[in-house]
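Participant: Submitted below is the structure of interest, expressed as structure tokens.
The values are calculated or read from the model by the stated rules, or taken from the named source; none is laboratory data. Worth saying up front: this structure is predicted, and the values here are computed from it rather than measured. Glycine also receives a Cβ, built like all others from the backbone with ideal geometry; neighbour counts cover every protein chain displayed. Protein only, heavy atoms only, side chains kept; ligands, DNA and RNA dropped before computing areas. Shrake-Rupley method; radii C 1.70, N 1.55, O 1.52, S 1.80 Å.
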Number of protein chains: 2
Amino acid sequence: MTELEHYITSYFGVVNNDDLQTIVSLFKVEKVTKGMFLLHTGNRCEQLSFVQTGLLRIFVSTPEKEVTQWISTKGNFSTDLASFVFGVPARWTIQALIDTQLYTISKADYQKIGELVPSWHELEKLFIARCFVMLEDRIFSHLSMSAEERYQLFFENNKALFQQVPLHYIASMLGMTPETISRIRKKQLL
Amino acid sequence: MTELEHYITSYFGVVNNDDLQTIVSLFKVEKVTKGMFLLHTGNRCEQLSFVQTGLLRIFVSTPEKEVTQWISTKGNFSTDLASFVFGVPARWTIQALIDTQLYTISKADYQKIGELVPSWHELEKLFIARCFVMLEDRIFSHLSMSAEERYQLFFENNKALFQQVPLHYIASMLGMTPETISRIRKKQLL
DNA sequence: ATAATTTCTTGATATTTGTCAAGATGAAAT
DNA sequence: ATTTCATCTTGACAAATATCAAGAAATTAT
């Protein structure tokens, strides 16, 4: 099974092989260099991508500060789901933190799958439901955990990321300041 | 258009009338009295409901505290989506805060719609995508707003709720303590 | 290699939010 | 009507987190 096949089955669920090949064939390899934008806030999001190598940052600039919503690493997908599904202006900006290689499908091709693969809408549903569950976990972490606990949990599951991206991006996506993370780290050396 | 028809179209999207009638026919009116549980954490969630009148609280008890995830009011739906869709044990407990009347569909009937209404899985996808967007907004509020701002925003949009449910439930779902809300309120009288 | 820039850490301090305890208020039960 | 219980508010205090500023370390550009 290729990487892309693996990503698709793990997010969308199991498909028979013919359908999987149909789906895979509509994805294209896309290379973006460090700093390049895949999407700007306010534009329509016309694609969905899986990260093959590299890193993407999903964020939005508000008058007060820049809010990083997520950093997509190998195997993650990346899109502005609301914009991609409903065609509304995107909330998020997506930018490559380093040179990044993607498997990308355009919205047009994505919609085409619906005609080619009978069970597609059901798979889509499962995909979005998985996304929903991830966000639900995150909400729960904000309702029930301290900054320190949120940091710990994230660190355990994403150790490598801390060697790759500036700390303030991670801090932002966890809802705290970089200084807070620094202090948590210091405390834990003792 | 009946209330239920309205709820369905607003969450799932527009359906032709025959399909809408098919869908509506599978919902049953359910009455629960104050304090009754619709779901317990750890059980499988076997139904999805729309609140016609009354109030439901969605929460989970952790060793340290009780975390209220949401309070469903008239027109809201209520279910443990992860459990309902994937059949995993429910994270949430759902309890009626007051006598409540629901439009409820069982999981079996819900799945039956897939066979009766061709576009059903696509509608489901849209439904879950809308749920996703709501959670995304909430995540954003935790990443970018103070407790006071989160309270303000919620209060503006849900004034009536404050006359109906204990403050500590609302505080919990906003990720703060009831004392914090009390103080925010006091400050705003000045 | 050096300079320039960004990132990370640290300290001092301020602000926000939480905790605990007590009293006040209001609702429900007897 | 009285009691009981839960809720809400308030104060005093503590803890968590943010802010600001400075310096150290690391990275990037020249």
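Participant: Using just the C-alpha positions of segment B:50-96 as equal point scatterers, what log10 of I(q)/I(0) does the Debye formula give at each q in 0.17, 0.19 1/Å?
Facilitator: Cα-only, vacuum Debye calculation for segment B:50-96: -0.51, -0.62.
Participant: At 1.4 Å probe radius, can you tell me the per residue accessible area of the protein assembly as shown in Å²? Before the final figure, lay out each step's value.
Facilitator: Values: 17860 Å² over 380 residues.
That works out to 47 Å² for each residue.
Participant: Given the options B:163, B:52, B:95, which has the most mean-square fluctuation in a GNM of chain B, springs set between C-alpha atoms less than 10 angstrom apart?
Facilitator: Taking springs between Cα atoms under 10 Å, the residue moving most is B:163.
Participant: Sum up the lysine pairs in chain B that clear both bars: alpha-carbon distance under 20 Å and a spacing of 8 or more or different chains.
Facilitator: 11
Participant: Could you state the principal axis extents of the C-alpha atoms in segment A:145-190, from the largest down, to the nearest angstrom?
Facilitator: 24, 19, 18
Participant: Net charge around residue A:131, counting only other residues with Cβ within less than 13 Å of its Cβ (Lys, Arg = +1; Asp, Glu = -1)?
Facilitator: On the way: positive: A:125, A:130, A:138, B:125, B:130; negative: A:80, A:124, A:136, A:137, B:136.
Surrounding charge for residue A:131 is 0.
Participant: How far is residue B:178 from the same spot in each other copy, in nm, shortest first, if each label point sits 7 Å from Cα toward Cβ?
Facilitator: 4.1
Participant: While we're looking at this one, here's another question. For segment A:164-190 and segment B:54-68, what is the centre-to-centre distance using only Cα atoms, to the nearest Å?
Facilitator: When both Cα centres are located, 30 Å separates them.
Participant: Label residue B:10 and residue A:98 with points 7 Å out from Cα along Cα→Cβ: what is the distance between them in nm?
Facilitator: Placing both labels 7 Å beyond Cα along the Cβ direction yields 4.8 nm.
Participant: Hey, could you get me the Stokes-Einstein D for chain A, Kirkwood radius over alpha-carbon pairs, 20 °C and 1.002 mPa s, rounded to whole µm² s⁻¹? Let's see the in-between values first.
Facilitator: Details: Rh = 17.8 Å.
For these conditions, the coefficient is 120 µm²/s.
Participant: Partner chain Cβ atoms within 10 Å, averaged over the residues of A:78-91 - can you pull that number for me?
Facilitator: On the way: counts 0, 0, 1, 4, 6, 1, 1, 7, 5, 0, 1, 0, 0, 4.
If you average over the peptide's residues, the count of other-chain Cβ atoms is 2.
Participant: Place the label 7 angstrom along Cα→C-beta at residue B:156 and in each other copy, then list the distances from the first to the rest in nm, shortest first.
Facilitator: Nearest to farthest, the other copies are at 3.8 nm.
Participant: Moving to a separate point now. Which GluC sites (Glu not before Pro) in segment A:99-140 pass both tests, a DSSP loop state and at most 10 other beta-carbon atoms within 10 Å?
Facilitator: Here no loop site has a sparse enough neighbourhood.
Participant: In nm to one decimal, list the spacings between the residue B:5 label point and its equivalents in the other copies, with label points set 7 Å along Cα to Cβ, shortest first.
Facilitator: When each copy's label point is compared with this one, the spacings are 4.8 nm.
Participant: Add -39500 (n - 2.57) for each DSSP H run of 4 or more in chain A, then divide by its residues: what number comes out at 222 nm, to the nearest 500 deg cm²/dmol?
Facilitator: Values: 8 runs with 91 residues, N = 190.
So the helix-based figure for chain A works out to -14500 deg cm²/dmol.
Participant: In whole percent, how big is the carbon plus sulfur part of the accessible area of segment B:12-67, probe 1.4 Å, protein atoms only?
Facilitator: Values: 1510 of 2930 Å².
Here it works out to 52 percent.
Participant: Right, next: Select from B:133, B:32, B:51 the residue whose mean-square fluctuation is largest in a Gaussian network model of chain B (Cα-Cα springs shorter than 10 Å).
Facilitator: Greatest mean-square fluctuation among the candidates belongs to B:133.
Participant: Quick one: net charge of residue B:50's neighbours, Cβ under 12 Å, K/R +1, D/E -1?
Facilitator: On the way: positive: B:28, B:74; negative: B:3, B:5, B:30.
Taking every other residue near residue B:50 into account, the sum is -1.
Participant: Net charge near residue A:85, counting Lys/Arg +1 and Asp/Glu -1 over other residues with Cβ under 10 Å of its Cβ?
Facilitator: On the way: positive: A:107, B:125, B:130; negative: A:80, A:124.
Combined, the nearby Lys, Arg, Asp and Glu give +1.
Participant: Would you mind telling me which residue in A:176, A:134, A:36 has the biggest mean-square fluctuation in a Gaussian network model of chain A, where springs connect alpha carbons within a distance under 10 angstrom?
Facilitator: A:134
Participant: Kyte-Doolittle mean at least -0.5 and Cα extent at least 24 Å along the axis: which DSSP H helices of chain B qualify?
Facilitator: Those that clear 24 Å and a mean of -0.5 are B:120-144.
Participant: Moving on to the next point. Suppose a student asked you for the relative contact order of chain A, using Cα pairs under 8 Å spaced at least 6 residues apart; what percent would you report? Kindly include the intermediate steps, with their values, before the conclusion.
Facilitator: Working: 270 pairs, mean separation 46.6, N = 190.
Reported relative contact order: 25 percent.
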